[in-house]
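Participant: This structure is in structure tokens; I'll ask about it shortly.
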Amino acid sequence: MTTGPRFRFAPSPTGSFHVGGARTALHNWALARRLGGTFVLRIEDTDEARNRPEWTQGIIDALAWIGISADDPHFEGPHFQSEFADAHVEAARRLYEQGDAYYCDLTGEQVQQRAKELGASGYDGYSRDRGLEPGPGRVLRFRVPEGATVVHDLVRGEVSFDNSTIEDFVLLRGNGTPVFLLANVVDDIEMGITHVVRAEEHLPNTPKQQMLWEALGHEPPQWGHVPVLVNEQRKKLSKRRDKVALEQYRAEGYLADAMVNYLMTLGWTPPGAEESGSEIASWAEMEAAFRLHDVTHSPAFFDLKKLAAFNGDYIRAMPIEEFVARAVEELPAEWDRERFAAIAPHIQQRLVVFSEVPALVDFLFWPEGAPVVHDEASWAKAFGPQWAAPLLGDVIDAYAALEDWTADAVKGALEDVMARYELKLGKAQAPVRVATTGRSVGPPLFESLEVLGRDETLRRLRAARERADRAG
RNA sequence: GCCCCCAUCGUCUAGUGGCCUAGGACACCACCCUUUCAAGGUGGCGGCACGGGUUCGAAUCCCGUUGGGGGUGCCA
């Protein structure tokens, strides 16, 4: 066990990694590294329905993707909650023997029934002084002491709870298994955790857990509750309604650095943002500057548009070789890599996510001689004007006669032709673009045609000319 | 219902009593550039929820209201 503060990240395996979890993991990671401490990964695997080995690997992979590497000396784990099963039972036994907990034979339904009759809000302490022994179906409940519990939170300061509003909560189920509240605390004690940084939804659990730490004879950890991430309805991001799987963003071609940078701006401002007019910051900068004290107190909307903007920025900032290497992953196997590399510099600044790559350049990879499928709206617009078809004819002649097939030459030839029609380039390029790419938007035309090659360009141009003539 | 948290442009935020006629980013709009679309440049729109205090002075401190959120399980 290392010295220094010990942070923990304790996800339960569910088959996908939540972006909100990613953010708290990042917070813990930044703190653990900056303070020379340890980031402990503990998988909360006690719910048997959620225990699958591949899910654990999924968590490790997701963490690694956002830079939290299991190979880093500050990383410890994975540990599993199930490792501490004996300690959970032992802690419960101790609490019972100390008189800090007692058994109760009421079922959940009976508790509700009583509360209803009494007009109380929850369990009323019915078995507190009944001296019940352990037994099947009997739950162990914590005897909440009188007074108040004050939680010192690194994000929000002092939060105080009147203990009379906290019911005697369950520690051990009727079947003897521990509930989250107990297991979580015992795990943290066993692992020597000093800092519990997690989402705000756990704040109401905190006084209960703090009492448990104290009853078990330990000084409670430093707490830090960061605000939750919400959707446009301002509800907590949920797996059911919202796109929350980190894996999905990764698959769509979001860059890990962009995701990390964006996530960190939620509830916190990276250093230098004000002066530079940019929230783009490296992990090293953010790690060095991150303080829980500076984290905002209110929920943050997870904004896809802003994430996209970050991603576009990061894509544009990539060295071209790196960009090509990443973009190529999106291409069908049969597409020529060299041909793609030739056009790559022209699409880099037009991307938001990498999954858009194939659709941007597909016209360069259609099988030789295949008919161009024209987008009809684009065709109608480009070939609406009277001059379009004749101009296309002249362009064909000019291209056929061209000595060099370079972007500059191709552009020059079109300019010569369009001058006779008294057209501007913006207009004149339209029929050529639609004829060769099928669409009215795309990468720069002449560079594209250079890559396409003279023969294929001419073939597509002639096919379009024929179609235009046929239409009259 | 009860407990807790929160409240600055549409969104993310800067702001910790005077530097604020409230700054930045994303989005949006306009213009410039231009080979379509982007990118880039310039400019614009737009906010301290409300009401009381405290103070010479409040976005900043206190109280209340309203509004949002979270929790309230023998889930985690």
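Participant: Against the condition touching a Ser or Thr at 6+ places or on another chain (Cβ under 8 Å), over 23 Å from residue A:40 (Cβ atoms), crowded, with 19+ Cβ neighbours inside 10 Å and not acidic (Asp, Glu), how does residue A:221 come out, does it pass?
Facilitator: Working: touching a Ser or Thr at 6+ places or on another chain (Cβ under 8 Å): yes; over 23 Å from residue A:40 (Cβ atoms): no; crowded, with 19+ Cβ neighbours inside 10 Å: yes; not acidic (Asp, Glu): yes.
Judged against the criteria, residue A:221 is not a match.
Participant: Residue A:269: in contact (Cβ under 8 Å) with a residue 40 or more places away in the chain, within 10 Å of RNA strand B (Cβ to nearest atom), among the hydroxyl-bearing types (Ser, Thr, Tyr) and under 30 Å from residue A:150 (Cα atoms), yes or no?
Facilitator: No, not satisfied.
Participant: Would you kindly identify the strands (runs of 3 or more DSSP E) lying entirely within region A:1-85 that contain at least 1 residues that are β-branched (Val, Ile, Thr) and either in contact with a Pro (Cβ under 9 Å, 6 or more places away or on another chain) or within 13 Å of RNA strand B (Cβ to nearest atom) (or both)?
Facilitator: A:38-43
Participant: Would you check which residues across region A:164-179 are assigned to a loop (DSSP other than H, G, I, E, B), surrounded by fewer than 19 Cβ atoms within 10 Å (Cβ to Cβ) and more than 8 Å from RNA strand B (Cβ to nearest atom) and list them?
Facilitator: Result: A:176, single match.
Participant: Something else now. What about residue A:380, is it under 46 Å from the mean Cα position of the chain (by Cα) and not hydroxyl-bearing (Ser, Thr, Tyr)?
Facilitator: Judged against the criteria, residue A:380 is a match.
Participant: Another question, if that's okay. Could you tell me which of the residues A:35, A:31 is over 23 Å from residue A:183 (Cα atoms) and touching a residue at least 40 places away in the same chain (Cβ under 8 Å)? Working first, answer last.
Facilitator: On the way: A:35 fails: touching a residue at least 40 places away in the same chain (Cβ under 8 Å).
Result of the check over A:35, A:31: A:31.
Participant: Counting just the residues of region A:133-149 that are in contact with an Asp or Glu (Cβ under 6 Å, 6 or more places away or on another chain) and free of Cβ contacts under 8 Å to residues at least 40 places away in the same chain, which one comes out nearest to RNA strand B (Cβ to nearest atom)?
Facilitator: Only one residue tops the list, namely A:138.
Participant: From (1) away from RNA strand B (no atom under 12 Å from the Cβ); (2) under 27 Å from residue A:290 (Cα atoms), pick out the condition that doesn't hold for residue A:204.
Facilitator: (1)
Participant: If I ask for residues that are in contact (Cβ under 8 Å) with a residue 12 or more places away in the chain and more than 25 Å from residue A:294 (Cβ to Cβ), which ones from region A:225-243 would you list?
Facilitator: Passing the criteria: A:232, A:239, A:242, A:243.
Participant: Condition first: more than 13 Å from RNA strand B (Cβ to nearest atom), farther than 23 Å from residue A:360 by Cα and part of a helix (DSSP H, G or I). Can you find one or more residues in region A:424-443 that meet it?
Facilitator: Among the residues of region A:424-443, not one is more than 13 Å from RNA strand B (Cβ to nearest atom), farther than 23 Å from residue A:360 by Cα and part of a helix (DSSP H, G or I), which makes the answer no.
Participant: Check every one of the helices (runs of 4 or more DSSP H) wholly within region A:220-302 and list those with 1 or more residues that are farther than 22 Å from residue A:64 by Cβ and modelled with pLDDT under 95.
Facilitator: So the answer is A:273-276.
Participant: Yes or no: residue A:59 buried (at least 21 other Cβ atoms within 10 Å of the Cβ) and within 30 Å of residue A:176 (Cα to Cα)?
Facilitator: yes
Participant: How many residues are surrounded by 18 or more Cβ atoms within 10 Å (Cβ to Cβ) and either farther than 16 Å from residue A:418 by Cα or touching a His at 6+ places or on another chain (Cβ under 6 Å) (or both) if we restrict to region A:379-396?
Facilitator: 1
The values are calculated or read from the model by the stated rules, or taken from the named source; none is laboratory data. Computed from a prediction, not measured in an experiment: that's the story for all the values here. Positions of Cβ are backbone-derived with ideal geometry, glycine not excepted, and every protein chain shown enters the neighbour counts.
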